[in-house]
Amino acid sequence: QTRRNTPEGDVRLKSLHYMNNIIAKRELLSLGASPGTEGLMLTSEGWMAEGIVSNLFFAKRQVIYTPSVATGILPGITRQRVMELARAAGYEVVEGLFGWERLIEADEVWVTNSIQELVPVTRLRDQQGLVHTVNHAGAGPLYKLLLAAYRQETASSQI
């Protein structure tokens, strides 16, 4: 239920203002989620925004979708690099405004952040507690391709 607060300017900047994320995490834990579970936040208008500590991606019919920075998300560096890798591999990447229904109809869902890299999402639980299984509860082929490309790039760039 906790909504993503609006950015302080045109684009959200990483700052020390995480109260909205803390409230969302507390809400998630109060619902009985395990401590490592990621929660997804919506905008005040009801659009998918981002995870509590991650950026969101989903794929449908070989097209990759991610919420637009217009939703107030933090435009993460891992998010940006994953979009670049996907486009370089020949995939269309669409940034936009997407509702929950688009997410639960996705073939694949994953989240990204600099610490965890790319993480597959295998189950989505809606606000009524209904669980939606994603990609037969396993990591999908686009996720696997992008994770391999990301790890190859980061491994080769280490000193």
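The values are calculated or read from the model by the stated rules, or taken from the named source; none is laboratory data. What you see is a predicted model, and the numbers here were worked out from it, not measured in a lab. Here Cβ is always computed from backbone atoms with ideal geometry, including for glycine, and neighbour counts include all displayed protein chains. Side chains are part of the model used for accessible areas, which takes the heavy atoms of the whole protein and leaves out ligands, DNA and RNA. Shrake-Rupley method; radii C 1.70, N 1.55, O 1.52, S 1.80 Å.
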* Asked: Name the residues in the range 65-96 that are aliphatic (A, V, I, L, M) and within 13 Å of Gly51 (Cβ to Cβ), would you?
  -> Ile73, Leu74
* Six or more apart or on different chains, Cβ under 9 Å: which pairs go from a residue in the range 59-75 that's without any contact (Cβ under 8 Å) to a residue 60 or more places away in the chain and assigned to a helix (DSSP H, G or I) to one that's exposed (fewer than 15 other Cβ atoms within 10 Å of the Cβ) and aliphatic (A, V, I, L, M)? Could you list them? => Val69/Val11
* Asked: For the range 85-101, does any single residue satisfy the condition of being charged (D, E, K, R), in contact with a strand residue (DSSP E or B) (Cβ under 6 Å, 6 or more places away or on another chain), without any contact (Cβ under 8 Å) to a residue 24 or more places away in the chain and not in a loop (DSSP other than H, G, I, E, B)?
  -> yes
* To do: Mind counting the residues in the range 102-121 that are more than 12 Å from Phe58 (Cβ to Cβ) and in a loop (DSSP other than H, G, I, E, B)?
  => 3
* Asked: Does the range 117-145 hold any residues that are buried (at least 18 other Cβ atoms within 10 Å of the Cβ) and under 16 Å from Glu101 (Cα atoms), and which are they?
  -> Val121, Val134, Asn135
* Determine the pairs where a residue that is among the hydroxyl-bearing types (Ser, Thr, Tyr), located within the range 103-132, has a partner that is open to solvent by 40 Å² or more (accessible area, probe 1.4 Å) with Cβ atoms under 9 Å apart, the partner being 6 or more residues away or on another chain. => Thr112/Arg81; Thr112/Val119; Ser114/Ile77; Thr122/Thr133; Thr122/Asn135; Thr122/His136; Thr122/Ala137
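Tally time: how many residues in the range 44-58 are in a strand (DSSP E or B) and either more than 14 Å from Val119 (Cα to Cα) or touching a Gly at 6+ places or on another chain (Cβ under 6 Å) (or both)?
Count: 3.
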* To do: Would you mind finding the one in Arg79, Arg87, Arg102 that is closer than 26 Å to Glu153 by Cβ, at pLDDT 90 or above, charged (D, E, K, R) and open to solvent by 60 Å² or more (accessible area, probe 1.4 Å)?
  => Arg87
